[in-house]
Every structure is written in C-alpha cells, then in structure tokens.
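Below is one structure, written out as structure tokens, with a few remarks after it.
The values are calculated or read from the model by the stated rules, or taken from the named source; none is laboratory data. Just so it is clear, the model here is predicted, and its values are computed rather than measured. Virtual Cβ from ideal backbone geometry, glycine too; neighbours counted across all protein chains shown. When the accessible area is computed, the model is the full protein with side chains, heavy atoms only, and any ligands, DNA or RNA have been set aside. Shrake-Rupley method; radii C 1.70, N 1.55, O 1.52, S 1.80 Å.
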Amino acid sequence: MISSLASAVLNGERAVVLFFVARVVLSLPLSLLPYGISLCILTVTALAIEIRVDGCPSAVPFRTRPGASSGILLGAATLPAVLLSKLIQLWRAFLLDQVSSEEIHYLKMLYWTASASCIGVLLFLTICMQRSSSQSSIHAHAHHNTNFIISCITVYGALCFVCLMTISQLGLQHAFNISLVLFHGLAAVILIQHSLKTFPSCASIGEALLVTAGLVLYSGDMLACSLVKVNEKFVLSDLISSWFGNKRSERSIIIQGLLLGLLFFPLVFKFMLQIMEAAMSGGSTTVAQNEYRRSILFFASLALFSTVVIPSWMRFTQDFTSHPFLWVLSFILGEPVKRLTLCIYWVGLICASVFRFYNVSKNSKTERILLRKYYHLLAVSMFSPALIFQPEFLDLAFGFALAVFLALEIIRVWKIWPFGKLIHQFMNAFTDHRDSDLLIVSHFSLLLGCALPIWMSFGYNDRPLAPFAGILSLGIGDTMASMVGHKYGVLRWSKTGKKTIEGTAAGITSVLVACSILLPLLASTGYLWTQHWFSLLFAVTVSGLLEAYTTQLDNAFIPLVFYSLLCL
C-alpha cells in the first residue's frame, strides 16, 4: 500500500525534478542556506498543487495542452533553481575576489523576484482550487490541502522578508525591494491568466508558468534598469539599489530592448487598429480594402516602433553615443572576415536545410518528429563553431534571430496580408502535437534552449561546458535519444509513454562522448576552466531522464536543468 501510494505521488518526472532540486540545495554554502530552504518550500508547495491538479484537472479554470500533465512542479522549480545555481557559481568567484558584492546582491534579487513570480502563480492556483472544491463533495480533504499550501507560502514570505533585509537595511530601500518582489508576483499572475485564456490548449500550466516567470523577470530587469537611469537623471536619491544597473553590456541591452519591444508591439498595434477602425466606422469599405489598410498600418507602425521607439529606449538605458543599430553594424565590422563569413555560412545552411526538409515533410512518409530532429543537428553545426571562436557575435545573432521569429509569428497570428497566410502554410509543415494553429512555439523553444545557457554564461563562468548546455542536450542528446529510440527501442519507461530505455541510454552516452571531445578542444583554444566529471555525469543523467519522463516541452526545460547542474 505504501509503495503504491509513493508511486502515485512520485511519478518519473516528479522524482527527477526532486533529484534536481536536491542536488542544487546540497551544493549551497551555509551562507546561502536560507535560499535553499525557500527553494525547498517552493518545491513542496508546487508538488502538493500538482498532485491535486493532476488528480482533478477541472480544479483550475484553464484549457491546457492535450496529452501533457500539468507540469506545475517542473515549471515552478526550474527558473529559481537555475538562478540559485548561478548564485552558487558567483559565490565561488566572490570568495576568490573575482566578482563584486553588488553582482551577488543583484543575482539574489533576481532569485527572489523569479521565485516570487512562481509563488504568486501557485497562490493563484490554490485560490482557484479552493473555489472549485467549495462546489464539490471533497471539500474537507481539499480544505486540509489548502491549509498546508497556504502555510508553506506564509513561511516562504517570512523567509523572503528576512533574506531581503540582508541585502538592504530596513527603510525606503528595503520597502522598495519588497514592493519589487510583490510586483513580480502580481504581474506573473496577471500574465499567466491572460496567456492561458488568450491561447487555450497551447501550453500546460508548467510551460506557461516557466514562460510567464521568465518574461516577468526579463521585463522587470529592463524596467529596473530604466528606473535607475530615471533616478540618476531626475531624482538623485539612493532609493533604487545600485546593483540594478551594474555592468550591462551594449549587446545585452540591445537584445533585451529589441525582444521586449517586439513583445509589447502587439498591444500598441491593437490600440492603433482600434483608433483606425473608429475613425473609419462611418464609411463603407470592402473586406479587401480593410485588409490593405490593416497591413499598411501594421508595417508602418512596426517600422516606426523598431527604428525609433525601441532604439530610443535602448539609448536612454545604456547611453549609446550613436544609434544602436549603427553600433551593431560597427560591431560586425570590427572583425569583418570572421563575422561576415559566419553569416554567409549560417544563411547557406538555413536555406539549404529549410527548403530540403520542407519538401521532404510534404511528400515523405517519415515521421515528422524525426524530420524535426535534423534541425537539432543543424543547430549543432551552426552554433558550436561560433560559440568556440565568436561567442559575443553569436550572443548578438541569437537576439536578432529571435526578433525575426517574433515578427514572423506576430504576422502569422494577426494574419497580416499578404504574408500571414503564406507563413502559416510554411510553418505547418514543421509542426507537431505540441503546436497549434494559435501558437507555433517549437522553433522558439529550440532557439531559446540553445541561446539561454550562452546568455547566462557571460560574465564569470568557471565551467567550460555550461554555455554548451543547450547545444549538447538538444542538438545531440535529444536527437540521438529520438532516433535510436524510434528505430531500435523496445523497452519503454512506462506503459503509456513512447520514450524507451534504449533511446535514453543513447542520448546520455552521446552527450558524454561529445563532452569528452569538446573539453580537450576547449583547452586547446585557451579555456582554462575546470569541469568535474562526477557533476558532469550526474547532470547528463538527470537531464536524460527528464527527457525520458517529462510530457512537457522538453526544448524549454532540459537545457535549463542541464545548465544549472553544470554550474555546480
């Protein structure tokens, strides 16, 4: 009876997540122990909510992606655990006097704002479940479960308040930090509600939670950076902590401003569209004329927003001496032969691969999931040489590639004439069960899965393989697991799942082989960092098991988990 209860509570995905969290917490120095306790509280709370939601999906008022579990535990634990791993890495550098205390404080604030976003969403889900249970016959059990969750959240809040006191003393600055944490929690709740209602059946709760927490953290960081500049130019007070504006490169500001600007653009376009429709409501126009006007308004406003509004925000935040796009041009021309050669190499590979596999996907009987893995291999061939020899240029290139993807997806979703329909037809050739007509996210998740470890590794990094976490886990491990499992797999991990033990073993082995080749290559190019083989073996195994057990969008989670474990 105990074993059956344990198996019902701890399925494969949950067990892997708990191993992951335990590894991070056990790696903490004693001075960071309160952060580990808060992560444990967050994990236990998310586990309790996930068990209840998976047992009664109607407890939450959202239509989630069919075929996937709620994924609440994985979605809530991933981003805080990644930031805590990065904090452990920076703490090693701090003890060696290689980073300043401001960088440590800044990352601590990022951890609390990210975990507050997750705890805010968990509190919101608890309220939803409580409302649902009041209308059912299991009110007593649900009430006991809710009391436990609320108690955990209360303890988390008290721990957060005490830990923020170590960053800033009681006063206006401490009040500002508390307000910032609460703001992130509230913003995450509003955003996840809007996302799940606007795009029903497009994501699980865990996937939506990870994206929501990431977007709120990314937006809040840029907002805080802008407030620092406002404070410096107009207020001249010490209310805003100095570490919110520390050591941001021009590249990071350009990428952050461009991506966030494009994410906010649909709201601006919707407002302008309402104004245009109100101004022309009295006249009689055909459907075609409306489409033309809508298209002209879209591209004109997008051009204005991209070339004037967003760059103005960048220049205010970073004090560029010239237009940010001119800065990008001068950066590329700083090493024209290497960087322009890389661009030509990328464009050639993309054109050859896309048109080849587009025709294959329409005419071949090969399963689409295998065709999509060729793009994972394409990512390895494109990004690995650039990461070794031109990491800063690759950093910038990822930002512009994501910006292009965002612009194309906005055109597709809004059905902007004449490209919206063409883009939709083209993208449909590469979709699978995790995509829908409302949102196509697989290409975003692959690119972000490769880019995020690289972006997070800039600055201090004493682990040579950490930037390669996405390329190794997705481009090599996930690809080999799918191909070997599809062709040779016999022993399945579960009766209902498709993942096989043979595929998982192939994925883990291939990543270890790639690491054994990559480490000497990195050493020959001047990298003097260290990588412990025990932590590497643990990281590869845990990420491989997560790929085997999870029903979530693995392109989003596996690189972050792998990166986090590599940092330890």
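About the Cα centre, and with charges only on the beta carbon of Lys, Arg (+1) and Asp, Glu (-1), how big is the dipole of the chain? Nearest 20 debye, please. Please list the in-between numbers first.
Working: 37 positive and 27 negative charges, 238 e Å.
About 1140 debye.
Can you classify region 141-226 as rounded, prolate or oblate using the Cα gyration tensor, where a ≥ b ≥ c are the square roots of its eigenvalues, rounded means a/c under 1.5, and otherwise it's prolate if a/b beats b/c and oblate if not?
Working: a/c = 3.10, a/b = 1.22, b/c = 2.54.
Taking the square roots of the gyration eigenvalues as a ≥ b ≥ c, region 141-226 is oblate.
What shape does region 8-160 have by the C-alpha gyration tensor, where a ≥ b ≥ c are the square roots of the eigenvalues, rounded means a/c under 1.5, and otherwise prolate means a/b greater than b/c and oblate the rest? All intermediate terms of the calculation are to be shown ahead of the outcome.
On the way: a/c = 2.55, a/b = 2.10, b/c = 1.21.
The shape class here is prolate.
Here the gap between Lys498 and Cys343, fully extended at 0.36 nm per residue and compared with their Cα-Cα distance, gives a gain of 52.0 nm. By a straight-distance test (C-alpha under 13 Å), which aspartates and glutamates pair with Lys421 as possible cross-link partners, with residues fewer than eight away in the same chain excluded? Of all the aspartates and glutamates, those that pass the test against Lys421 - Cα under 13 Å, at least 8 places apart if same chain - are Glu291, Glu409, Asp437. Accessible surface for region 409-448, divided over its residues, is 50 Å² per residue with a 1.4 Å probe. Here each label is just a point 7 Å from Cα along the line to Cβ, and for Leu326 and Leu537 those points are 5.7 nm apart.
Between Ser58 and Ser179, the contour length at 0.36 nm per residue exceeds the Cα-Cα span by 40.2 nm. Distance cut-off 19 Å, Cα to Cα: go down the list Lys373/Lys487; Lys108/Lys229; Lys270/Lys415; Lys373/Lys499; Lys197/Lys270 and report the pairs above it. Over 19 Å apart, Cα to Cα: Lys108/Lys229.
Once the Cα-Cα distance is subtracted from the 0.36 nm per residue extended length, the Glu102 to Ser201 segment shows a gain of 31.4 nm. The loop-placed trypsin sites (Lys or Arg not before Pro) in region 58-128, going by DSSP, that have at most 16 neighbouring Cβ atoms within 10 Å of their Cβ come out as Arg63. In this entry, the chain is assigned a mean projected area of 29.6 nm², taken as a quarter of its C-alpha convex hull surface.
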